[in-house]
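Asker: One structure, as structure tokens, below. Some questions next.
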Amino acid sequence: MTGPSPPKRIYLSPPHMGPAERELLLDAFDSNWIAPLGPHVDAFEREFCQTVGVPCAAALSSGTAALHLALLMLGVGPGDEVVVSSFTFAATANAVMYGGATPVFIDSDPNSWNMDPGLLGEELEAAAKRGKLPKAVIVVDLYGQCAEYGPILEACERYGVPVVEDAAEALGASYRGKPAGSFGKMAVFSFNGNKIITTSGGGMLVSEDAALVERARFLSTQARGPAPHYQHGVIGYNYRMSNLLAAVGRGQLRVLRDRVARKREIFHYYQRVLGDLPGISFMPTAGYGEPNYWLTCILVDPARFGVTREDIRLALEKENIESRPLWKPMHLQPVFKDCRVRGGSASEEIFRDGLCLPSGTALTDMELERVAGIVRATCRG
Ligand SMILES: Cc1ncc(COP(=O)(O)O)c(C=O)c1O
């Protein structure tokens, strides 16, 4: 005898594929352009540029690879400092370490959870006084919301420090009408499995500067020089995107607008049905732009809600539903314990109380109701 099958697992933000992706992937397969070059790579770059409104793009094997190349092209090396948002995924800070440089962390602005422009200004001023400016600033657009680029770019321009925008999570978002990815000297995106669009794994480096993007293509294909044999004058990397994955990316790009619309719906649904609970608040939407609502993030004040965010996570897990604590700030990570941080308490509090709720675009309304019902039922406030 078999009982009723348990409800299928609800994941945080699984890939969501459609018929166009399948068709384009098969086209790439049948054409035998399998290597990390081919017509879909070129077309994905062109179409991505149109979406983000930036003239040049290089399709790469991951967002991390894009960050690494961006820093390399800015000349970041041993002995240099790079200023980084502390509240981010480790990849942002890891890329700094790959080049032998040291990250300096900046805390979050509680109004956006992104890099606090005031603290960044203080850090740059102090660095100028010390006579050692950072080689670059990496600004992260967290959970699909752009950082406050007005004051951030102004501060960086004042001291002549280049900005790299880590828009890995923010494709489809905007700041004052300009798309994520159009700020700073270069920007990077990720297409890993849980991002708003995915190629299973992949990334993009974009810039206004055609020479930088051409250089990224060169470095990402082992820096092979112009000769019939294999000629190498500098160290290269195996970072180019495969034609198969670019085909998937082209299909995903076509549904980006729908994906953002559904993510927005999911955020507003949770806000509507959970927003009245004592001690629950949502990631603030800064008035300066439009997020892509990649993941719906809540803060749980245990004094008012009656239980902690970990209790909610465990209650969901018991029902086979995945939720996840927010990123643990980099300045709290053992691996970065010796790095400097400016501020810290804002991101520490967000991490302590924050939880990402299931936000996959393929979630049905019934599944969303199940999730929300369990969260409501945990409330003891
Ligand atoms: C903020 C941020 N930066 C960088 C990355 C790295 O991207 P990838 O996983 O494609 O290397 C990610 C996601 O994974 C991310 O969330």
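The values are calculated or read from the model by the stated rules, or taken from the named source; none is laboratory data. From a predicted model like this one, the values you see are computed outputs, not experimental measurements. Ideal geometry is used to build each Cβ from the backbone, glycine not excepted, and the neighbour counts take in all protein chains shown. Ligands, DNA and RNA are stripped out before the accessible areas are found, and what is left, the full protein with its side chains, is counted by its heavy atoms. Shrake-Rupley method; radii C 1.70, N 1.55, O 1.52, S 1.80 Å.
Asker: Quick one: of Lys8/Lys328; Lys135/Lys178; Lys195/Lys263; Lys129/Lys337, which pairs are farther than 20 Å apart, Cα to Cα? Please report the intermediate quantities before stating the final value.
Answerer: On the way: Lys8/Lys328 29 Å; Lys135/Lys178 26 Å; Lys195/Lys263 12 Å; Lys129/Lys337 25 Å.
Those over the limit are Lys8/Lys328; Lys135/Lys178; Lys129/Lys337.
Asker: Can you give the extra length, in nm with one decimal, that the chain gains between Met17 and Val234 once fully stretched, where that is 0.36 nm per residue apart less the Cα-Cα distance?
Answerer: Extending this stretch completely gives an extra 74.2 nm.
Asker: Loop by DSSP (not H, G, I, E, B), at most 16 other beta-carbon atoms within 10 Å: where is the longest site-free stretch of the chain for GluC sites (Glu not before Pro)? Please list the in-between numbers first.
Answerer: On the way: sites that count: Glu208, Glu319.
For GluC sites (Glu not before Pro) (loop position, at most 16 other Cβ atoms within 10 Å), the longest site-free span of the chain is 1-207.
Asker: Report the trypsin sites (Lys or Arg not before Pro) located in the range 313-365 that are in a DSSP loop and have at most 11 other Cβ atoms inside 10 Å of their Cβ, or state none. Could the numbers behind the result be given before it?
Answerer: On the way: sites: Arg313, Lys318, Lys337, Arg340, Arg342, Arg352; in loops: Lys337, Arg340.
Sparse-neighbourhood loop trypsin sites (Lys or Arg not before Pro): Lys337.
Asker: For the range 190-243, what's the relative contact order in percent, using C-alpha pairs closer than 8 Å and at least 6 residues apart?
Answerer: Details: 63 pairs, mean separation 12.6, N = 54.
Taking the mean separation of contacting Cα pairs over the length of the range 190-243, I get 23 percent.
Asker: Suppose a student asked you for the relative contact order of the range 34-179, using Cα pairs under 8 Å spaced at least 6 residues apart; what percent would you report? Intermediate values should be presented prior to the final figure.
Answerer: Values: 227 pairs, mean separation 29.4, N = 146.
Result for the range 34-179 is 20 percent.
Asker: From the Cα gyration tensor of the range 1-98, with a ≥ b ≥ c the square roots of its eigenvalues, which class applies: rounded if a/c is under 1.5, or else prolate if a/b is larger than b/c, or else oblate? Provide the component values of the computation, followed by the final result.
Answerer: Values: a/c = 2.62, a/b = 1.31, b/c = 2.00.
The shape class here is oblate.
Asker: Would you tally the net charge around Ala168, using a Cβ to Cβ cut-off of less than 9 Å, leaving Ala168 out, and scoring K and R as +1, D and E as -1? Numbers along the way, then the final one.
Answerer: Values: positive: Lys195; negative: Asp141, Asp166, Glu169.
Result for the local shell: -2.
Asker: At 7 Å along the Cα-to-beta-carbon direction for both Gln50 and Tyr98, put a label point, then send me their distance in nm to one decimal.
Answerer: 3.0
Asker: For the chain, report the accessible area per residue in Å² (1.4 Å probe, heavy atoms, rounded to an integer). Mind showing how you got there, number by number?
Answerer: On the way: 16250 Å² over 381 residues.
That works out to 43 Å² per residue.
Asker: For the chain, modelled as a Gaussian network with Cα springs under 10 Å, which listed residue fluctuates most, Pro103, Pro284, Pro179?
Answerer: Looking only at Pro103, Pro284, Pro179, the biggest GNM fluctuation is shown by Pro284.
Asker: Of the DSSP beta bridges with both residues in the chain, give the percent that are antiparallel, rounding to the nearest 5.
Answerer: Details: 26 of 44 bridges.
Just about 60 percent of them are antiparallel.
Asker: May I ask you to list the chymotrypsin sites (Phe, Trp or Tyr not before Pro) in the range 215-280 that are in a DSSP loop and have at most 16 other Cβ atoms within 10 Å of their Cβ?
Answerer: Working: sites: Phe218, Tyr230, Tyr237, Tyr239, Phe267, Tyr269, Tyr270; in loops: Tyr230, Tyr237, Tyr239.
Counting only loop positions with at most 16 other Cβ atoms within 10 Å, the chymotrypsin sites (Phe, Trp or Tyr not before Pro) in the range 215-280 are Tyr230.
Asker: Right, here's the next one. When the Debye formula is applied to the Cα atoms of the chain, each taken as the same point scatterer, what base-10 log of I(q)/I(0) results at q = 0.13 Å⁻¹?
Answerer: At q = 0.13 Å⁻¹ the computed log10 ratios are -1.07.
Asker: Moving on to the next point. Can you tally the net charge around Gly306? Count Lys and Arg as +1, Asp and Glu as -1, for every other residue whose Cβ sits under 14 Å from the Cβ of Gly306.
Answerer: Working: positive: Arg304, Arg309, Arg376, Arg380; negative: Asp301, Glu310, Asp311, Asp353.
Net local charge, Gly306 excluded: 0.
Asker: In whole percent, what relative contact order does the range 316-371 give with Cα contacts below 8 Å and a gap of six or more residues? Before the final figure, lay out the partial values.
Answerer: Values: 37 pairs, mean separation 24.5, N = 56.
RCO, the range 316-371: 44 percent.
Asker: Could you check how much of the accessible area of the range 1-120 is carbon and sulfur, as a whole percent, using a 1.4 Å probe?
Answerer: Ligands and nucleic acids excluded, carbon and sulfur give 60 percent.
Asker: Another question about this same structure. Name the most mobile residue of Lys132, Lys178, Lys195, meaning the one with the largest mean-square fluctuation, in a Gaussian network model of the chain with Cα contacts below 10 Å.
Answerer: Lys132
Asker: Here's another thing I want to ask about it. Taking N as the number of residues in the range 33-173, what is its Cα Rg relative to 2.2 N^0.38 Å? Spell out each step's value before the answer.
Answerer: Details: Rg = 15.8 Å, N = 141, 2.2 N^0.38 = 14.4 Å.
Taking the Cα Rg and dividing by 2.2 N^0.38 Å, one obtains 1.10.
Asker: Please give the net charge around Arg324, taking every other residue with its beta carbon less than 12 angstrom from that of Arg324, where Lys and Arg add +1 and Asp and Glu add -1. Don't jump to the answer; show the numbers that get you there.
Answerer: Working: positive: Arg309, Arg313, Lys328; negative: Glu310, Glu317, Glu322.
Net charge around Arg324: 0.
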